Amino acid sequence: MRSASRQKKKKKNKFGATSPPFIDYLQEILRRYPDGGQILKELIQNADDAGASTVVFIHDERHYGTHSLWSEELGKYQANCNFGLAGPALYAFNDAAFTEEDWEGIQRVGRSIKQDDPTKVGRFGIGFNSVYHITVNNNYSIKYQELIQNADDAGASTVVFIHDERHYGTQSLWTEELGKHQGPALYAFNDAAFTEEDWEGIQRVGRSVKQDDPTKVGRFGIGFNSVYHITDLPCVFSSEHLAIFDPQKKMFGEDEEGYRWSLNDEEDRESLLNMRDQFQPFQNIISKINSCSWEKVISEEQYFKGTLFRFPLRNEASEISDNLYDSMKVTQLFDSFIADADISLLFLRNVSSITLVHIDTNGLCNNRLKVSVTNHFITDVCHFKQESFDRKTCFKTVSQISQQMKETKSQWLVTTCLLKQGYKPEIDSLANKLSFYPQVDAAFRFDEDRSLYNGRLSCFLPLPNNEPNKTGLPIHINACFGLTDNRRFIKWQEEDQKNDESAMWNELLTKVILPHVYLMMILEAIQLSENSALPSRTVYNLWPDLSKTVHKERWHEVATDTLKGLFEYKIFHLAEDEQIWVSASDAVFPVNNIHSDTMSAVSRLLISEGEKLVTVPEHVLKDVQEIFPECDTLTWVTPSYVRDVLHRSEAENLSKDDKYTLLEFALSDEKYTELQGLKLLPLSDGTFTSFGNKVQNIVLIDSEKFPR
């Protein structure tokens, strides 16, 4: 393209990341980072870096005069109480004076002049800025999660990641410098097209246009920017535009941070069609994911119904990063998704299919994995009304097709509860302030034996599989949690961030909403069991095992709160009929230390007599014994209870072996006087007589020691 023509189009096609105004930048930082004890730590770090030996913090509550001030506006920070921001202040002193370098550095918001000096503790540039009540740590890593979240926010149902190892031609390029980016790349496709708001938002570095919308997962504004870990030149093709970011300003001129071609511009369409090498990577990928040809999309439709990102892999160090990305690292990126593939779609609202594709240097295409989810909402499970919550439960089937074309499926029960406004003022206030959503989801896999004690935490997508994100509960938990800056952990009200509002929010979610969600999930599972939609064992598998949470205080509290609410309902199924459920006060509970053969004989007796014997696994019995108030008032299978039932029963219907077994159990507590009247005394002719205390009732039971 001629130089003069390009200069003419520069303004119209201008594209690239923009820097936020200072106040916007600070507001976004304050939204994401806590105040608390970390502020003092940062000031101490700066003092130590400066070589100070003494640090003093002073809280001065005095008010000072406002008559001789540099400007009238400064009065609000002196003494005029009418402003509500009067004189009290926090001072921080250290015995090291500022250098010129320090004066320069303190004016750099979030960028430290010490960041390349490993001897400096405060080298991350967050020391001074934390006085705005922040701590900043841009410890992001490239995450497929961020791209999935953005697709889900856009309403996409399909996401495809493609690792293309091919090299493309370098003859017909927009600029010669772009040639180095024609090699291997990672692509991310979804089937939702960009809106004008999206085009605006993607140019806002670190500032999301979604931050005030609590229904948006990717509201943090870091999703797209994390791709700079793998690339220097992100590209995006969606709706009416194809754009390339160039934050280093090396490809399109000194002052140009990118360029955007428009499908509604005739000259741009000509470039997109004729610069074969430049746009061949897009053309080849679109042919694999879209039924339309490149020519038809550009010339006829002039609109791409989807979004395709291209991230050329960094193969040499740059100003942005020295992190080089090769085929092995992309494989590791794919592997990290595959490890959590079965739970990655459980809590997304729109995305229902994710595919991982590898294309080798010869163009051979191989699907590494496709995972998809289908939903079946349950409409007739609503017996438990709660005015304060909107609730829904559904079955989800997650299907995975592996590289070997082997399909595996998992079945999930998912319950969602949204707290209505007006029932918990603290939650309402924080929801409005943080633009968070007071909803908690729980997911339980019910098509396998009880083995899930490592329930995970999710913020729409699974958080890293490490110990702080495991609960010890048999359910996965999802919510709009406030996360640490690197999105790896949930914030909690620890000693140095007692006043962090995101941490307060998380505490309220887990203490107020989560136990209710867990309780409703178990109760709805019972109703599904009554309707034969779930096996009864699933319900007991849902119960928390307190031995697994005992060392996880927060989740142990959730488990105990759930159980306390649970005991008000009919939650134990009869041994005789698993579709009939009874309350704890009506149930007859087995005891763990009874031999299985003995318990079988006792069960036959109790069932035949119409007693409400329940069948429960060991961890449920322990839950009952530990949490149920005055559990000794419940009915347990004891020798005394069995004798009482035998007194009321017709023992004639029992087998000979059962009578022997029951007699042995009835004698085990050595309360022999309670045997009187029980027809369990064996005679030599094989019959049984009743125990009594009259002479004619004396019977000799012969043995080796006392032969007949």
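The values are calculated or read from the model by the stated rules, or taken from the named source; none is laboratory data. None of the values given here were measured: they were computed from a predicted structure. In this analysis, Cβ positions are derived from the backbone assuming ideal geometry, glycine residues included, and neighbour counts consider all displayed protein chains.
Points to keep in mind about this one:
- Residues of region 67-95 that are in a loop (DSSP other than H, G, I, E, B) and either at pLDDT below 75 or in contact with an Asp or Glu (Cβ under 8 Å, 6 or more places away or on another chain) (or both): Gln78, Ala79, Asn80, Gly84, Leu85, Ala86, Gly87, Pro88, Asp95.
- Inter-residue pairs, beta-carbon under 8 Å, first outside the structural domain of Val414 (by TED's automatic domain parsing) and under 22 Å from Leu413 (Cα atoms) and in region 331-346, second of a type in the set (Lys, Arg) and crowded, with 21+ Cβ neighbours inside 10 Å, 6+ apart: Ile343/Arg456
- Exactly one residue among Val398, Val357 is assigned by TED's automatic domain parsing to the domain that holds Ser458, over 30 Å from Gln421 (Cβ atoms) and either among the acidic types (Asp, Glu) or touching a residue at least 12 places away in the same chain (Cβ under 8 Å) (or both), and that residue is Val398.
- Matching entry among Asp577, Asp496, Asp545 (being farther than 24 Å from Phe460 by Cβ, in the same structural domain as Glu626 (by TED's automatic domain parsing) and acidic (Asp, Glu)): Asp577
- Odd one out for Lys622 among (1) of a type in the set (D, E, K, R); (2) in contact with an Asp or Glu (Cβ under 6 Å, 6 or more places away or on another chain); (3) surrounded by fewer than 18 Cβ atoms within 10 Å (Cβ to Cβ): (2)
- Strands (runs of 3 or more DSSP E) (entirely within region 208-313) containing at least 3 residues that are within 22 Å of Ser353 (Cβ to Cβ), modelled with pLDDT of 90 or more and assigned by TED's automatic domain parsing to the domain that holds Val160: 235-239, 304-312
- Which listed residue, of Val330, Val351, Val357, is in contact with an Asp or Glu (Cβ under 6 Å, 6 or more places away or on another chain) and either under 20 Å from Ser402 (Cα atoms) or at pLDDT 95 or above (or both): Val351
- Boolean, Glu704 is modelled with pLDDT under 80, part of a helix (DSSP H, G or I) and loosely packed, with under 11 Cβ neighbours inside 10 Å: no
- Selection count where residues are in a helix (DSSP H, G or I) and under 24 Å from His573 (Cβ atoms), scope region 621-647: 14
- Filtering region 270-281 to residues that are within 39 Å of the chain's Cα centre (by Cα) and crowded, with 20+ Cβ neighbours inside 10 Å leaves Phe279, Pro281.
- Of all residues in region 444-475 being outside any loop (DSSP other than H, G, I, E, B) and over 18 Å from Met521 (Cα atoms), the one that is modelled with the lowest pLDDT: Leu461
- Condition met for Ile526 (under 31 Å from the mean Cα position of the chain (by Cα), free of Cβ contacts under 8 Å to residues at least 60 places away in the same chain and in the same structural domain as Thr416 (by TED's automatic domain parsing)): yes
- Those residues of region 627-656 which are under 25 Å from Val616 (Cα atoms), among the charged types (D, E, K, R) and surrounded by fewer than 16 Cβ atoms within 10 Å (Cβ to Cβ), in sequence order: Glu630, Asp632, Asp644
- Unmet requirement for Tyr453, which otherwise passes all of (1) in contact with a Cys (Cβ under 8 Å, 6 or more places away or on another chain); (2) touching a residue at least 60 places away in the same chain (Cβ under 8 Å): (1)
- Of all the residues in region 445-473, those that are surrounded by 20 or more Cβ atoms within 10 Å (Cβ to Cβ) and touching a Pro at 6+ places or on another chain (Cβ under 7 Å) number 3.
- Residues considered: Phe436, Phe389. Of these, the only one that is aromatic (Phe, Trp, Tyr), under 23 Å from Gln527 (Cα atoms) and in contact (Cβ under 8 Å) with a residue 60 or more places away in the chain is Phe389.
- Taking region 314-333 as the range and being buried (at least 19 other Cβ atoms within 10 Å of the Cβ) and within 29 Å of the chain's Cα centre (by Cα) as the test, the residues that pass are Tyr325, Val330, Leu333.
- Test result for Lys409, free of Cβ contacts under 8 Å to residues at least 60 places away in the same chain, outside the structural domain of Asp152 (by TED's automatic domain parsing) and either in a helix (DSSP H, G or I) or over 24 Å from Gly155 (Cα atoms) (or both): yes
- The lone exception for His556 - which of (1) at pLDDT 95 or above; (2) buried (at least 20 other Cβ atoms within 10 Å of the Cβ) it fails: (2)
- Counting only helices (runs of 4 or more DSSP H) that fall entirely inside region 500-562 and contain at least 3 residues that are hydrophobic (A, V, I, L, M, F, W, C), the qualifying elements are 501-508, 514-530.
- Considering region 144-158, the residues that are of a type outside the set (Ser, Thr, Tyr) and not in a helix (DSSP H, G or I) include one that is surrounded by the fewest Cβ atoms within 10 Å (Cβ to Cβ), namely Gly155.
- Ala575 being modelled with pLDDT of 90 or more, among the aliphatic types (A, V, I, L, M) and out of contact with any Ser or Thr (no Cβ under 7 Å at 6 or more places or on another chain): no
- Scanning region 416-426 for residues that are crowded, with 17+ Cβ neighbours inside 10 Å and farther than 20 Å from Leu457 by Cα yields a total of 1.
- Consider region 164-207 and keep the residues that are basic (Lys, Arg) and closer than 17 Å to Gln149 by Cβ. The one that is modelled with the lowest pLDDT is Arg207.
- Scan of region 317-330 for residues that are under 21 Å from Lys249 (Cβ atoms) and either among the hydrophobic types (A, V, I, L, M, F, W, C) or free of Cβ contacts under 8 Å to residues at least 60 places away in the same chain (or both), ordered by number: Ala317, Ile320, Asp322
- In region 473-516, the residues that are touching a Gly at 6+ places or on another chain (Cβ under 7 Å) and among the small types (Gly, Ala, Ser): Ser502, Ala503
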